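Peer 1: Please see the structure below; I have some questions.
The values are calculated or read from the model by the stated rules, or taken from the named source; none is laboratory data. No experiment lies behind these values; they were computed from the predicted model shown. Every residue, glycine among them, receives a Cβ derived from its backbone with ideal geometry; neighbour counts consider all protein chains shown. Please note that ligands, DNA and RNA were not included when accessible areas were found on the heavy atoms of the full protein model with its side chains. Shrake-Rupley method; radii C 1.70, N 1.55, O 1.52, S 1.80 Å.
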Amino acid sequence: MKTKQLQHLFLRAGFGITPQLANDLSKKNRKKVVEFLFTTNSFLPLEIDLSDLSIYTQEYMKDRANSMEFQRKSNQKIRDYNKLWMERLANSELLLREKMTLFWANHFVCKNQNIFFVQQYNNTLRKNALGNFGDFVKEISKEPAMLNYLNSRQNRKKQPNENFARELMELFTLGVGNYSEKDVKESARAFTGYNYKFNGEFVITKYHHDDDLKTFFGETGNFSGDDIIDIILKQKKCARFVCEKIYRYFVNDQVNEKHLDELTNVFYKDYNIQKLMKFLFLKDWFYDEEHIGTKIKSPIELLVGMQKLVPFSFQITKDVQKIQRLLGQVLLDPPNVAGWKGGKNWIDSNTIILRLKLPSILLSNAEISIKEKGEFEDSFEKYHESNKNQKDFAKVTVDWDFFEESFKNTSFDEMKSLFLITAPNEGTETYLSHLIKSSKKEFCIQLMSIPEYQIC
């Protein structure tokens, strides 16, 4: 398989490719390379130690002071979990499952302040990331984090709450314009009584559930929430809606209707996500020039991509979240139920300066201020200078030994090809040609600091 195709595949299915892996896989054909992606994708839960929170029982939490103490500790654990997830994204061999988990986190968008629920939800995304979409939606509808986020616990027979039913169709399965207000009301009735115990176990509170007949998409019956999801899956526009999101994320922000039809026809047969992704990565058109280097890296893709080539770790856990916030994407903290818009929205006058400066600052073991976004409006240099004596800095440890070993047999020209998925423009090419290439470390930082490194 050609190096450029390998780069394209691993930037979209993962976060980039190392010289060693590129060299190994270049000897294989496309089918074997794609098979490699799917044979290294077992489910491995991401968990942190929560044993010190075992004292916070339902009875213990009735005391307001204890409840507030739990919340404070839970928030810290969520920061720990954020850091752990970043490390998993950068270091795991399960690259496709982890990339898919990241994708689904911005599809089934959810936010919660209880670390037990956050961890359970995140692993539900991970477990189902390449499974059956119907099973996935049903599990999501019963997650305590989602039951909280979209007010399902307040959805009762005598006082229906339509939040989950509306987002189920608008954001998770069908898209705007593909259902009616009556569909929302009828489906909301099917999800009445959805609840969970203190430990997060899902239950249906029978006296809050509406047992009467409902009519939904032309079918009438005493439907449960699962029945509603099954009826939605019968609509081909559900398969098309999900495939369009997959296409925009993994292929191109501009949708080719013919390609979308192909994906929809495959997915609609059984809603098998793994089968869909394998079909996509094997298609000739996935590797067309019109799709290569057309997407802007998300903040997480940018950070993780850098870490894959030059491993680094933040010395202070909370700094991980703060750097993410400056760039505009904080794991486990979406802006709203619709999630991040992506595309050109990733870059504005604040973030572009930080994105271009970030490699030299992080990889040179420098320190940067982590004040909130907006402080960078004049110029990053001015801001950095004015705050350099403050204590609130992010510090990182860089593993240059790993980099040196990885790139010891890679030439400067090969480095450029490996770091940049598209050829630099004339100005950037001139800039690169005038650099004194005495150090691969310095050249690495310079390559990561040019605008072309922002795309994948």
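Peer 1: Of everything in the stretch 188-207 that's in contact with a Phe, Trp or Tyr (Cβ under 7 Å, 6 or more places away or on another chain) and not in a loop (DSSP other than H, G, I, E, B), which residue is least open to solvent (accessible area, probe 1.4 Å)?
Peer 2: Quick first cut of the stretch 188-207, residues in contact with a Phe, Trp or Tyr (Cβ under 7 Å, 6 or more places away or on another chain) only: 190-191, 196, 200, 202-204.
Narrowing further to those that are not in a loop (DSSP other than H, G, I, E, B): 190, 196, 202-204.
Working: A190: 0, Y196: 25, F202: 60, V203: 41, I204: 80 Å².
Among residues in the stretch 188-207 that are in contact with a Phe, Trp or Tyr (Cβ under 7 Å, 6 or more places away or on another chain) and not in a loop (DSSP other than H, G, I, E, B), the one least open to solvent (accessible area, probe 1.4 Å) is A190.
Peer 1: Would you confirm, using the coordinates I've provided, whether R153 is open to solvent by 10 Å² or more (accessible area, probe 1.4 Å), assigned to a helix (DSSP H, G or I) and modelled with pLDDT under 95?
Peer 2: So R153 passes the test.
Peer 1: Quick one: would you say L263 is of a type outside the set (F, W, Y) and crowded, with 19+ Cβ neighbours inside 10 Å? Steps first, please.
Peer 2: Numbers: of a type outside the set (F, W, Y): yes; crowded, with 19+ Cβ neighbours inside 10 Å: yes.
Yes, satisfied.
Peer 1: Next question. What residue, among those in the stretch 302-338 that are among the small types (G, A, S) and open to solvent by 10 Å² or more (accessible area, probe 1.4 Å), is nearest to Q120 (Cα to Cα)?
Peer 2: Only one residue tops the list, namely A338.
Peer 1: Can you pull out every residue in the stretch 84-97 that is at pLDDT below 95, under 14 Å from N41 (Cα atoms) and within 14 Å of the chain's Cα centre (by Cα)?
Peer 2: Selection gives L95 alone.
Peer 1: Taking the stretch 205-224 only, how many residues are touching a residue at least 12 places away in the same chain (Cβ under 8 Å) and either β-branched (V, I, T) or under 30 Å from K62 (Cβ atoms) (or both)?
Peer 2: Selection size over the stretch 205-224: 6.
Peer 1: Right, another one. Go through (1) open to solvent by less than 20 Å² (accessible area, probe 1.4 Å); (2) of a type in the set (D, E); (3) within 30 Å of F279 (Cβ to Cβ) and name the single condition D210 misses.
Peer 2: Exception for D210: condition (3).
Peer 1: From L37, L46, which residue is more than 19 Å from Q454 (Cα to Cα) and assigned to a helix (DSSP H, G or I)? Lay out the reasoning, then the answer.
Peer 2: Working: L46 fails: assigned to a helix (DSSP H, G or I).
It is L37.
Yes/no per residue for (1) open to solvent by 70 Å² or more (accessible area, probe 1.4 Å); (2) of a type in the set (A, V, I, L, M); (3) under 25 Å from Q321 (Cβ atoms); (4) modelled with pLDDT of 90 or more:
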residue: K341; (1), (2), (3), (4): yes, no, yes, yes
residue: A366; (1), (2), (3), (4): no, yes, yes, no
residue: H384; (1), (2), (3), (4): no, no, yes, no
residue: N389; (1), (2), (3), (4): yes, no, yes, no
residue: F402; (1), (2), (3), (4): yes, no, yes, yes
residue: T410; (1), (2), (3), (4): no, no, no, yes
residue: C444; (1), (2), (3), (4): no, no, no, yes
residue: P451; (1), (2), (3), (4): yes, no, no, yes
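Peer 1: Something else: Do you know which of the residues in the stretch 98-130 that are more than 23 Å from V304 (Cβ to Cβ) and over 17 Å from the mean Cα position of the chain (by Cα) is surrounded by the fewest Cβ atoms within 10 Å (Cβ to Cβ)?
Peer 2: The selected residue is Q113.
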